[in-house]
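The values are calculated or read from the model by the stated rules, or taken from the named source; none is laboratory data. From a predicted model like this one, the values you see are computed outputs, not experimental measurements. Virtual Cβ from ideal backbone geometry, glycine too; neighbours counted across all protein chains shown.
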Amino acid sequence: MRAVPHFSATYAEARDKFLAAARAHGAVAAAHVNPTLGPDGGELATDTALIGRPDAPHLLIAMSATHGVEGFCGSAIQTAWLAERRFADLPADTAVLLIHAINPHGFAWVRRVNEDNIDLNRNFIDHTKPYPENPGYRELRDYICPPAWDDATLAVAEAKLADYAARHSAIDLQAAIMNGQYWDKEGVFYGGNAPNWSHRTLLTILAPFADSARYAAFIDLHTGLGPSGYGEIISNHFGNLPGAGRVRDWFGSEATMIDDGSSTSTAVTGDTQLGVNAALPRTAITGITLEYGTVSVPEMTQAVRADNWLHIHGDLESELGRRIKRQIRDAFYTDTAAWKEAVIARAMDVLDRTRRGLAGAAREAA
């Protein structure tokens, strides 16, 4: 398989490739237009492509760009799956729904967050109840998000973060920065105070399947954690929940769990799996995150922090601004042929195994 042609340099190019592949292979496509525009003034939208019957009892969902900039990878996976006709032997009782660029603003503007500086993977939470606390973030806020981005300021900030890691642990520092927070609207990993546009759009997309889908598999496509080019299969379920058991059954020792420490990810609040669960309340859902490694965690979080500073305090057109935009792109997208080949090969295998697992789960329940 030639993987490289499925990747794109911009959101607009990725959207064009995805929609062309959907049209060429008979998928039913729909667009949900975002109220903002791209950096080129172009339309932004979450597009869907459905292969199979809309009332099929078995539904496989694969979603890209939950964290916008990670869409360079996720979009290519979705386009490759269509272009390579991986659906050719799809059973009549199974449908595949590809949700392309659920956060189109972040994808187009090369940001992890959406148009409201919200991390979508922290937004699926009950906003009528008290928000979870993140005391580590509160303690470190002014060093995670410093007011200036120069050598002197960063030296102080990095020393404070290193001290926190020394007093606690590197994983505790990762959790303080990345787990999510709900009070600092100009900070990183902000979960918002209400369902955002992408949150509402996901629920709208999935609503028509709520009555017919008895069994569903959900794959959220991500980058930024783990060894470069490796796609880690992270269970979206905790403990002994049935979904966690199915993930283990389908993927064996390759599956990692956040709650037992085997995953590169720490626990987060308000992730997209909760949105899928809410949209399909009567469906037996098995969810995973397919997470591809790029750079080290410190490099990745540094890029997120820099991009946050740039959009809050900086100038996108300055030399520093352009350098930061390259930095965050490179933190979530490795633009080499070897990385791209590894990504697509792994994704096609995981999608095939997910489809087989979905069929097996339905047979076992029959």
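Take the conditions part of a helix (DSSP H, G or I), at negative phi and in contact with a Lys or Arg (Cβ under 7 Å, 6 or more places away or on another chain) and apply them to V304. Does it pass?
Criteria met by V304.
Residue-wise test of (1) surrounded by fewer than 18 Cβ atoms within 10 Å (Cβ to Cβ); (2) touching a residue at least 40 places away in the same chain (Cβ under 8 Å); (3) small (G, A, S); (4) more than 23 Å from F238 (Cα to Cα).
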{"residue": "T269", "(1), (2), (3), (4)": "no, yes, no, no"}
{"residue": "G275", "(1), (2), (3), (4)": "no, yes, yes, no"}
{"residue": "G287", "(1), (2), (3), (4)": "no, yes, yes, no"}
{"residue": "M300", "(1), (2), (3), (4)": "no, yes, no, yes"}
{"residue": "R326", "(1), (2), (3), (4)": "yes, no, no, yes"}
{"residue": "Y333", "(1), (2), (3), (4)": "no, yes, no, yes"}
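Within segment 228-285, if we keep just the residues that are among the hydroxyl-bearing types (S, T, Y), in a loop (DSSP other than H, G, I, E, B) and closer than 25 Å to E299 by Cβ, the residue that is modelled with the highest pLDDT turns out to be Y230. Is it the case that D55 is at pLDDT below 95 and surrounded by fewer than 17 Cβ atoms within 10 Å (Cβ to Cβ)? Against the criterion (at pLDDT below 95 and surrounded by fewer than 17 Cβ atoms within 10 Å (Cβ to Cβ)), D55 does not qualify. The requirement of being hydroxyl-bearing (S, T, Y), closer than 27 Å to A255 by Cβ and out of contact with any Pro (no Cβ under 8 Å at 6 or more places or on another chain) is not satisfied by Y143.
From the list L203, L221, the lone residue that is part of a strand (DSSP E or B), among the hydrophobic types (A, V, I, L, M, F, W, C) and under 30 Å from R356 (Cβ atoms) is L221. Of the candidates N121, N117, the single residue that is surrounded by 14 or more Cβ atoms within 10 Å (Cβ to Cβ) and assigned to a loop (DSSP other than H, G, I, E, B) is N117.
Residue-wise test of (1) within 22 Å of the chain's Cα centre (by Cα); (2) over 27 Å from G38 (Cα atoms).
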position: N308; (1), (2): yes, no
position: H311; (1), (2): yes, no
position: I328; (1), (2): yes, no
position: A331; (1), (2): yes, no
position: T336; (1), (2): yes, no
position: A342; (1), (2): yes, yes
position: A347; (1), (2): yes, yes
position: D352; (1), (2): yes, yes
position: G360; (1), (2): no, yes
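Within segment 327-340, being more than 26 Å from D142 (Cβ to Cβ) and assigned to a helix (DSSP H, G or I) holds for R329, D330, A337, A338, W339, K340.
Scanning segment 206-218 for residues being surrounded by fewer than 20 Cβ atoms within 10 Å (Cβ to Cβ) and in contact with a strand residue (DSSP E or B) (Cβ under 9 Å, 6 or more places away or on another chain) gives a total of 2. Here A9 fulfils each of the conditions (1) surrounded by fewer than 18 Cβ atoms within 10 Å (Cβ to Cβ); (2) over 19 Å from the mean Cα position of the chain (by Cα); (3) part of a loop (DSSP other than H, G, I, E, B) apart from (2).
Residues of segment 175-200 being in a helix (DSSP H, G or I), in contact with a helix residue (DSSP H, G or I) (Cβ under 6 Å, 6 or more places away or on another chain) and under 20 Å from P146 (Cα atoms), which ones? A176, I177 - these are the residues of segment 175-200 that are in a helix (DSSP H, G or I), in contact with a helix residue (DSSP H, G or I) (Cβ under 6 Å, 6 or more places away or on another chain) and under 20 Å from P146 (Cα atoms).
Just name the residue that is surrounded by the most Cβ atoms within 10 Å (Cβ to Cβ) out of those in segment 87-114 that are farther than 26 Å from P54 by Cα and under 13 Å from the mean Cα position of the chain (by Cα).
Going residue by residue through segment 87-114, those that are farther than 26 Å from P54 by Cα are 105-114.
Now narrow it down to the ones that are under 13 Å from the mean Cα position of the chain (by Cα): 106-107, 111-114.
Details: G106: 28, F107: 31, R111: 23, R112: 27, V113: 27, N114: 28.
The qualifying residue surrounded by the most Cβ atoms within 10 Å (Cβ to Cβ) is F107.
Condition test on G42, is it at pLDDT 95 or above and either touching a Lys or Arg at 6+ places or on another chain (Cβ under 6 Å) or of a type in the set (K, R) (or both)?
no
Is it true that some residue in segment 158-172 is in contact with a strand residue (DSSP E or B) (Cβ under 8 Å, 6 or more places away or on another chain), assigned to a loop (DSSP other than H, G, I, E, B), over 14 Å from P298 (Cβ atoms) and of a type outside the set (A, V, I, L, M, F, W, C)? Working first, answer last.
First, the residues of segment 158-172 that are in contact with a strand residue (DSSP E or B) (Cβ under 8 Å, 6 or more places away or on another chain): none.
Looking through segment 158-172, none of the residues is in contact with a strand residue (DSSP E or B) (Cβ under 8 Å, 6 or more places away or on another chain), assigned to a loop (DSSP other than H, G, I, E, B), over 14 Å from P298 (Cβ atoms) and of a type outside the set (A, V, I, L, M, F, W, C).
Which residue is surrounded by the fewest Cβ atoms within 10 Å (Cβ to Cβ), if the candidates are limited to segment 127-149 and must be touching a Leu at 6+ places or on another chain (Cβ under 9 Å) and not in a helix (DSSP H, G or I)? Result: A148. Do we have D163 as exposed (fewer than 13 other Cβ atoms within 10 Å of the Cβ), at pLDDT 95 or above and not aromatic (F, W, Y) here? Criteria not met by D163.
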